[in-house]
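The values are calculated or read from the model by the stated rules, or taken from the named source; none is laboratory data. Because the structure is a prediction, the values reported are computed rather than measured. Methodologically, a virtual Cβ is constructed for each residue, glycine included, from the backbone with ideal geometry; neighbour enumeration extends over all protein chains shown. Areas reflect the complete protein model, heavy atoms only, side chains present, ligands, DNA and RNA absent. Shrake-Rupley method; radii C 1.70, N 1.55, O 1.52, S 1.80 Å.
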Amino acid sequence: MQSDPTKIKSYIRSALEDEALRQAVKKATDHSLTKRAEVVAELPHWENLRDRAAHIRNCAITGLEEHLLMLEERASAKGIEVHWAKDAAEAKRIVGDICTAATRVSGSSERPIIAKSKSMTTEEIGLTPYLEGQGFEVVETDLGEYIVQIAGQMPSHITAPALHLSRSDVGRLFADKLGVEYEDDPVKLIGIARKVLREKFMKAEIGITGVNFAVAESGTPVMVENEGNGRLVGAIPRVQISVMGIEKVIPTFEDLMVLLELLPRSATGQRITGSVLFFNRPRKEGETDGPEQMHLVIVDNGRTKALADPDLREVLRCIRCGACLNTCPVYRQTGGHAYGWIYPGPIGAVLAPIFLGLDKAGDHPFASSLCGSCSEICPVKIDLHRLLLNLRSRVTSEIAGWSGERAVISGWQSVMSRPDLYRALAGLPRFILHDILQGRWSPPLPIWGKSRSSPPLARSSFSEMFLKEFTNQEKPEG
Amino acid sequence: MEKEKISRDEILNAIRHATDNIGVPERPEIPTPVGKKAKKTLHQQFCDMLEKVGGETRVITGKKTIDSVLKEILKEFKGETVLLNSDPELERLSIPEIVKDTGIVLLQTSEGTLDELSKSQVGITTAQAGIADTGTVILLHTGERGRLAALLPEVHIVLLKKTNLHADKSSAIAVLKSGNVHPGDIPMTWVTGPSLTADIEKVLVRGAHGPKRLIAILY
Ligand code: SF4
């Protein structure tokens, strides 16, 4: 599994050579952008909504302490147990301890089953491998997550984890891992997964969910989903654990209504998701379903670092819709795995240096064309390309011997002396630019498009022309 | 536990420190949204929106009674089991009697094991409110009005009073808040259409984990 953020450059290079991957990513992201544009066009006040959402998230973040305290107080009052974790290790330990305590009494010899719904925060802290190490069977129940889980991969998109795989990839995977006949009809494949996962649900003792928003005024963790797996996670297991980043809190239900207008439209081009779940309290005496025990784990893991940085703070407004991935010319060519980290695309390129450090993720802010289409599309108006520029300047000034700089100073020679490498590097941005300029992909009024006109791109690079014009005998093939 | 308490204080301290000097963000001048001029009635809007996402709708008017509409729907499920919550509103509408009339086996959610419940083909529930501009039903789970009847079977039939329809999310929340149940106190699910996935090549497939069909009866 590719998961080393320091290898982003080599991952990008190999992703660019994988034609099938690029086709799959392009098809999926085009689809999402088209659907998004349709439902956004229905709302003449979309820009007003973005302004309101940005303001709501700003208020949530500037008053973070107050909101978190209220969330804690109100949730506890309803019987939800609140936990705090400074970093990934602590969050994992807390969740692991809850799971161990909850299953100790059951005394069964089989590995206890944990049914998990999709959650980026749990991916971020590496919860699943940890719990597996503790002797639990952890089942990802979102179908996309399930597919990447049994493939032994990580998700390649924030909201569409298996977007890089084709139906035949999934068909071969199921045949291989589940012992079923090869099949490439999505309807049948989903039917197979539904059956396998339904059996797991029936036996699940613990449910783990993410949190899209946590409403402070009532102590309510809220989650959105489409498949119904989140509903099952919240209905069947005896114990439910919800994991959230500290920035997910919002003050009121009224705020939530505005954000619920923007999130599904931006993420999947839906007016609303198939379900919106309000995990309000544990089951009461006489009720027929729902968890008897509920836990809310509030995780920092680097977020207070971002909060303390006036230039980067606004990244905490993010509601993880994934729209900036879909529109990013780099993501569209490389897919998510090339970033070597759980959050790809523009948002990932900003979060990586903050969460992982400039030394490990100094290359990430450079995986961007700075075209500004991410800032244009962001429902909470995060100025992503400005944040990327800011981080770039930090990398060049703060990291002595940063790999990019080394490439300029000492590596230049080796690049120049290796024509194949030079061509590969020179081809990279051109190839992406081609996509934009030839209208195969047009950003909806990108910021740079407003202020400049795009220069026509030379049909071939200098090196290609050189070969063609001056050394006829050395014409490159194809 | 002690360690968690320390972490809690450390996180809150870090937050206090980081946000010390930020003023409250100024509220931007935002024009009030241009209200959509809906010419349709709320229930027409609700039906249009629900159908757009693959849901089915039936409206009770004149000769079309709940009895006749429900029997019509249940015709294709002869010999199957129907899952019902014990819900005073379902009783009031005589739903259990109507179901029994059709010769279909009736199973109360409180009476079966999880495996038994899971084998039912149809679930019938009420919704406590609805949102017209998205085609959403709001399920409040109290007492024996649980989540499973609307979730385990492949077909979910939901009964919703027309008078409990609200124009949009915000008005629905405002009404719930002004009533005697705060939307933050009772487990609540908003459902819009059948369960869906587009995880394989963005092909839309219904019935991912939940119902393949959602039929709303407005009365
Ligand atoms: S940065 Fe904006 S566009 Fe990107 S995932 Fe976050 S909210 Fe969505």
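Restricting attention to the stretch B:73-87, which residues are surrounded by fewer than 16 Cβ atoms within 10 Å (Cβ to Cβ) and modelled with pLDDT of 95 or more?
Listed by number, the list is empty, since nothing qualifies.
If you check A:A28 against the conditions, is it open to solvent by less than 70 Å² (accessible area, probe 1.4 Å), farther than 24 Å from A:D383 by Cα and either within 11 Å of chain B (Cβ to nearest Cβ) or hydroxyl-bearing (S, T, Y) (or both)?
Working: open to solvent by less than 70 Å² (accessible area, probe 1.4 Å): yes; farther than 24 Å from A:D383 by Cα: yes; either within 11 Å of chain B (Cβ to nearest Cβ) or hydroxyl-bearing (S, T, Y) (or both): yes.
When the stated conditions are applied, A:A28 passes them.
Report those helices (runs of 4 or more DSSP H) wholly inside the stretch B:65-134 carrying at least 3 residues which are within 20 Å of B:K212 (Cα to Cα). Step through it out loud before you land on a result.
Values: elements: B:66-74, B:88-92, B:95-101, B:114-118.
Ranges flagged: B:66-74, B:114-118.
Here is a list: B:K100, B:K5, B:K52, B:K40. Which entry is surrounded by 11 or more Cβ atoms within 10 Å (Cβ to Cβ) and within 14 Å of chain A (Cβ to nearest Cβ)?
Working: B:K100 fails: within 14 Å of chain A (Cβ to nearest Cβ); B:K5 fails: surrounded by 11 or more Cβ atoms within 10 Å (Cβ to Cβ); B:K40 fails: within 14 Å of chain A (Cβ to nearest Cβ).
Residue meeting the stated conditions: B:K52.
Test of understanding: among B:T163, B:T142, B:T126, B:T113, which residue is farther than 21 Å from A:G234 by Cα, hydroxyl-bearing (S, T, Y) and either more than 8 Å from chain A (Cβ to nearest Cβ) or surrounded by fewer than 18 Cβ atoms within 10 Å (Cβ to Cβ) (or both)?
Numbers: B:T142 fails: farther than 21 Å from A:G234 by Cα; B:T126 fails: farther than 21 Å from A:G234 by Cα; B:T113 fails: farther than 21 Å from A:G234 by Cα.
Exactly one residue qualifies, and that residue is B:T163.
How about the stretch A:274-293: which of its residues are more than 7 Å from chain B (Cβ to nearest Cβ) and either in a helix (DSSP H, G or I) or surrounded by fewer than 21 Cβ atoms within 10 Å (Cβ to Cβ) (or both)?
Result: A:P282, A:R283, A:K284, A:E285, A:E292, A:Q293.
Have a look at B:A198, B:A216, B:A172 and point out the one that is out of contact with any strand residue (DSSP E or B) (no Cβ under 7 Å at 6 or more places or on another chain), among the small types (G, A, S) and either more than 7 Å from every other protein chain (Cβ to nearest Cβ) or open to solvent by 50 Å² or more (accessible area, probe 1.4 Å) (or both). Walk me through it before giving the result.
Details: B:A216 fails: out of contact with any strand residue (DSSP E or B) (no Cβ under 7 Å at 6 or more places or on another chain); B:A172 fails: out of contact with any strand residue (DSSP E or B) (no Cβ under 7 Å at 6 or more places or on another chain).
Among B:A198, B:A216, B:A172, only B:A198 is out of contact with any strand residue (DSSP E or B) (no Cβ under 7 Å at 6 or more places or on another chain), among the small types (G, A, S) and either more than 7 Å from every other protein chain (Cβ to nearest Cβ) or open to solvent by 50 Å² or more (accessible area, probe 1.4 Å) (or both).
Could you list all residues from the stretch A:354-393 that are in contact (Cβ under 8 Å) with a residue 60 or more places away in the chain and on the phi > 0 side of the Ramachandran plot?
A:L370, A:G372, A:K381 - these are the residues of the stretch A:354-393 that are in contact (Cβ under 8 Å) with a residue 60 or more places away in the chain and on the phi > 0 side of the Ramachandran plot.
Specify the residue that is farthest from the ligand (Cβ to nearest atom); the eligible residues are those in the stretch A:246-273 that are open to solvent by less than 10 Å² (accessible area, probe 1.4 Å), more than 21 Å from A:H157 (Cβ to Cβ) and more than 9 Å from chain B (Cβ to nearest Cβ).
In this case the residue turns out to be A:V249.
Among the numbered criteria (1) in a helix (DSSP H, G or I); (2) more than 10 Å from the ligand (Cβ to nearest atom); (3) touching a Leu at 6+ places or on another chain (Cβ under 7 Å), which single criterion is violated by A:L370?
Just one mismatch for A:L370, condition (1).
Enumerate the helices (runs of 4 or more DSSP H) found wholly within the stretch A:40-134, keeping only those where 1 or more residues are away from chain B (no Cβ under 12 Å). Steps first, please.
Details: elements: A:46-62, A:64-77, A:88-104, A:120-125, A:127-133.
In the stretch A:40-134, A:64-77, A:88-104, A:120-125, A:127-133 are the helices (runs of 4 or more DSSP H) which contain 1 or more residues that are away from chain B (no Cβ under 12 Å).
From the list A:V180, A:V239, A:V211, which one is among the β-branched types (V, I, T) and more than 17 Å from A:V297 (Cα to Cα)? Show your work before the answer.
On the way: A:V239 fails: more than 17 Å from A:V297 (Cα to Cα); A:V211 fails: more than 17 Å from A:V297 (Cα to Cα).
When all the criteria are applied, what remains is A:V180.
Any chance the stretch A:345-353 includes a residue that's over 14 Å from the mean Cα position of the chain (by Cα), at negative phi and more than 16 Å from the ligand (Cβ to nearest atom)?
Start the filter on the stretch A:345-353 by keeping residues that are over 14 Å from the mean Cα position of the chain (by Cα), which leaves A:353.
Add one more test, that the residue is at negative phi, and what stays is A:353.
With more than 16 Å from the ligand (Cβ to nearest atom) added as a condition, the list becomes none.
No, every residue in the stretch A:345-353 fails to be over 14 Å from the mean Cα position of the chain (by Cα), at negative phi and more than 16 Å from the ligand (Cβ to nearest atom).
Any residue at all in the stretch A:374-381 that is modelled with pLDDT under 95 and either more than 10 Å from the ligand (Cβ to nearest atom) or outside the structural domain of A:P155 (by the TED database) (or both)? Spell out the reasoning first.
Our first condition is that a residue be modelled with pLDDT under 95; within the stretch A:374-381, this holds for none.
Within the stretch A:374-381 (the criterion being modelled with pLDDT under 95 and either more than 10 Å from the ligand (Cβ to nearest atom) or outside the structural domain of A:P155 (by the TED database) (or both)), the answer is no, since none of the residues qualifies.
Only one of these conditions is not met by A:A306: (1) within 13 Å of the ligand (Cβ to nearest atom); (2) closer than 28 Å to A:A162 by Cβ. Which number is it?
So A:A306 meets the others, but not (2).
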